[in-house]
1. Which distance in nm do the two modelled labels at Val215 and Glu185 give, with both placed 7 Å along the Cα-to-Cβ direction?
2. Normalised by the residues of the range 237-573, what does the relative contact order come to in percent, with Cα pairs under 8 Å and at least six apart?
3. Using 0.36 nm per residue, how much length does the chain from Ser338 to Val161 gain when fully extended, once their Cα-Cα distance is taken away?
4. Quick one: if the Förster radius is 22 Å, what FRET efficiency do Asp404 and Lys449 give, using the C-beta to C-beta distance and rounding to 0.05?
5. For Ala485, list long-range residues whose amide hydrogen, built 1.01 Å from N in the peptide plane, is under 5 Å from its own amide hydrogen.
6. Would you kindly work out the equivalent ellipsoid of the range 455-574 from its C-alpha gyration tensor and give its semi-axes, the square roots of five times the eigenvalues, largest first in whole Å?
7. At a 10 Å Cβ-Cβ cut-off, how would you order Met501, Met476, fewest neighbours first?
8. Cα-Cα over 19 Å: which of Lys369/Lys394; Lys542/Lys571; Lys284/Lys307; Lys294/Lys542; Lys469/Lys539?
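Only the coordinates and a few stated rules stand behind these numbers; no lab work does. In this text the structure is predicted, and so the values were computed from the model without any measurement. Using ideal geometry, Cβ is built from the backbone for each residue, glycine included, and neighbour counts are taken over all protein chains shown.
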Amino acid sequence: MLSLQAYNSSSDEESDQTAVQEKSNGTPYETLPPELQKFSSKKDLQVCATPVVLPPAIDEDKIHIHPDTSELQYNPKYDELFAPVVGPVNPFKTQQQAIERNILSGHIEPAHVSEFQFENQRRTFASFGYALDPSVSTTEKELHKVIGGSEETPDSDMKTVFENTKLRPLDKRKRKKNDDPSDVEGFLGPWGGFVGEQRVMKPTEEEQAELQELVSKRNRRGKEVEEKQFEEKSVLHIKDAVDYQGRSFLHAPQDVGVNLKSDTPPEKCFLPKAHIHTWSGHTKGVSAIRWFPKTAHLFLSCSMDSKIKLWEVYNERRCIRTYYGHRQAVRDINFNNSGHHFLSAGYDRYIKLWDTETGRVISRFTSRKIPYCVKFNPDHNKQHLFVAGTSDKKIICWDTRSGDIVQEYDRHLGAVNTITFVDENRRFVTTSDDKSLRVWEWNIPVDMKYIADPTMHSMPAVTPSPNGKWLACQSMDNKIVIFSALNRFKLNRKKTFTGHMVAGYACQLDFSPDLSYLVSGDADGKCFIWDWKTTKLYKKWKAHDGVCIGSLWHPHEPSKVMTAGWDGLIKYWD
């Protein structure tokens, strides 16, 4: 004690007082803990380096320190620190989850159930409507049977789905067997009936009546309705069907001042200035006009009055012949290479092959769909084949000799509007309501090129240029767009012709023979002529009262243009 007192120097007391003073300066005396306020004054207060930790009132029996505890509120004993861990057996579950297993209705404990036994009882219940009572063990049931003697539990004869049940009365029936394949008439195989079974092979009268009604309905559904054939005839409107040499009107005249058999186009074309003639005879709007091949001394027109007419271009410009053969409006017409035959496609779903001179219908073709366009194959050795674009998205190729369909091109997503042969007739280009342009190799039913762009509109009229290098397409956004017809079929963005209104109409367009002008009609009945090189609009004039649906430049005349309108008139301009 003496040594300790001696050791406790005045400097230590001063430091202690200083510490107390600093403590009291920082914290008010009244706010100190109660155990420190028992000192009479601040002077009596002694500060110890070790904090005073008082244990709370804890029941020693319930003391448990969780291994994850990071902070202790009291000084535990050695036995408490090293006591065994108390909690759930599952290391992945916390004690809180283990406590939650004690629910209001009792305590939940995990139990092991054999997967096979569980599935066995589930299937038994699903099949037979009963299952094993889980509260009664199998040994108890067996003991009950032994003790009870004759008395059996209600489910004593019950079996599970995996056990054999008692045979039912009808389970004992035997089937007739005859597996000998050499016995042709008596062979039964798996179809043999039961022994003693009476099979009624014939249906009753009521069943027979119902069956007959079903069969007749089915036959009617699949059977094509045979329409009465429309009277096909033609009327010749001229007296002199042949000239003094016995030549028919198909022979080109040689006294018109133009070489109609020339293969070279006019050197320079000019804009037409005046209206020189009107052909009238159709009672409704004209759908299409076509020049006679090579010579163009005649032209063919089809109309919504379901008639087709052949007209003269020179001399008296008469109507030569009228062809009656369609019930409804005629949509398209097309000559073969010689001009002796032509095809007509009508809304009555028929395509008809006509003899131009006699007016006789040679053959009829139908796919039960509306043909929108029809074209002969231009090759001289394929003149017996023609293709038609129909309303059911197909391009169908027929053989006129047999009348059979020889090929179908079915890739479009909308009705097919135009068919144009390119690349020396080895390929053809089609446009459709699906706003796309597809290029096909002849006789290969998969498109070799597909052109579709979000900015494209459907193109219901397409015309090839005289040199075969370009395709002029009438677009539904009031433009004429140009595609190259060789190799890549690329859109020529520099050549776009605008100014006319054609949205909603398939206005046929044409090039001048020397490829210097482009001519087209529009929905207001006007006719437009653009310069091919500069795309500048050179001329427009009012040609028809209704829609100007077609315009053709004469292949041998430098300045003569023909237009057709929905007013039923065909006009000639020079």
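1. It is 2.5 nm.
2. Details: 934 pairs, mean separation 46.9, N = 337.
So the answer I get is 14 percent.
3. On the way: separation 177, 0.36 × 177 = 63.72 nm, distance 8.39 nm.
Gain on stretching Ser338 to Val161: 55.3 nm.
4. On the way: r = 28 Å, r/R0 = 1.29.
About 0.20, to the nearest 0.05.
5. Trp470, Leu471
6. Numbers: eigenvalues 94, 57, 28 Å².
Rounded to whole Å, the semi-axes are 22, 17, 12.
7. Details: Met501 14, Met476 17.
Taking fewest neighbouring Cβ atoms as first place, the list is Met501, Met476.
8. Details: Lys369/Lys394 10 Å; Lys542/Lys571 11 Å; Lys284/Lys307 10 Å; Lys294/Lys542 29 Å; Lys469/Lys539 25 Å.
Beyond 19 Å: Lys294/Lys542; Lys469/Lys539.
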